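Here is the structure we will look at, set down as structure tokens.
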Amino acid sequence: MNINRLKWAERFYSLALEVATWSKDPKAKVGAVLVSPCTRQFSFGYNGFPQGIKDSETRLEDTETKLALTVHAELNAILNARTNLTGWSLVTTKAPCLDCAKAIVQAGIREVICPPIKETLSNWGSSQAKAFELLNEANIMITIIEEE
């Protein structure tokens, strides 16, 4: 990756970190930024409940309910874009899970920029490893960026 491209990746990663703060999840805040090839169009997403669904403190603190209702940041960014995403890049504050990777492939996204997989996240780490396998098979570029 050339220096100029790395500089832009770091800027978009910083923006994704800001978007992550919009999540109401008390334990995990994830942000995602979709960037068009010309870097002039964007879509944002963060982990949270679907529109119109109450994200009460009780629901957010009940892990089973929270996991069942939460839309991941990557998928929210894809859904919020409401445009053809072929050739776009996705910058996310966590490595995507397998379900998000499927959506990334289907959307035609060409690159994922994210931190490395954290093996300590047991189930998530396994899903992220499978996601990377899927993205590699689909010839989607994965650019690892170190967390700040």
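The values are calculated or read from the model by the stated rules, or taken from the named source; none is laboratory data. Just so you know, these numbers come straight off a predicted model, no measurement behind them. Please note: Cβ atoms are built from the backbone with ideal geometry, for glycine as well, and neighbour counts cover all protein chains shown.
Tabulated values for the structure
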| read-out | value |
| --- | --- |
| Identity of the residue in the range 132-148, modelled with pLDDT of 95 or more and assigned to a loop (DSSP other than H, G, I, E, B), that ends up nearest to residue 95 (Cα to Cα) | 140 |
| Qualifying residue in the range 51-64 (condition: in contact with a strand residue (DSSP E or B) (Cβ under 9 Å, 6 or more places away or on another chain), surrounded by 17 or more Cβ atoms within 10 Å (Cβ to Cβ), without any contact (Cβ under 8 Å) to a residue 60 or more places away in the chain and not basic (Lys, Arg)) | no |
| Residue 74, sole failed condition from (1) within 13 Å of the chain's Cα centre (by Cα); (2) charged (D, E, K, R); (3) farther than 18 Å from residue 128 by Cβ | (3) |
| Residue in the range 55-63 that is touching a Ser or Thr at 6+ places or on another chain (Cβ under 6 Å) and over 22 Å from residue 140 (Cα atoms) present | yes |
| Odd one out for residue 74 among (1) under 27 Å from residue 146 (Cβ atoms); (2) touching a residue at least 24 places away in the same chain (Cβ under 8 Å); (3) of a type in the set (Asp, Glu); (4) surrounded by fewer than 20 Cβ atoms within 10 Å (Cβ to Cβ) | (4) |
| Residue count, the range 79-116 (criterion: within 9 Å of the chain's Cα centre (by Cα) and more than 19 Å from residue 126 (Cα to Cα)) | 2 |
| Candidates 30, 35, 71, 105, filtered to the one that is out of contact with any Cys (no Cβ under 8 Å at 6 or more places or on another chain) and either farther than 20 Å from residue 17 by Cα or of a type in the set (Gly, Ala, Ser) (or both) | 105 |
| Residue satisfying all of: in the range 108-131; surrounded by 20 or more Cβ atoms within 10 Å (Cβ to Cβ) and assigned to a helix (DSSP H, G or I); modelled with the highest pLDDT among these | 131 |
| Qualifying residue in the range 137-145 (condition: under 20 Å from residue 18 (Cβ atoms) and not hydrophobic (A, V, I, L, M, F, W, C)) | yes |
| Test: residue in the range 64-81 that is in contact with a helix residue (DSSP H, G or I) (Cβ under 7 Å, 6 or more places away or on another chain), among the acidic types (Asp, Glu) and at pLDDT 95 or above | yes |
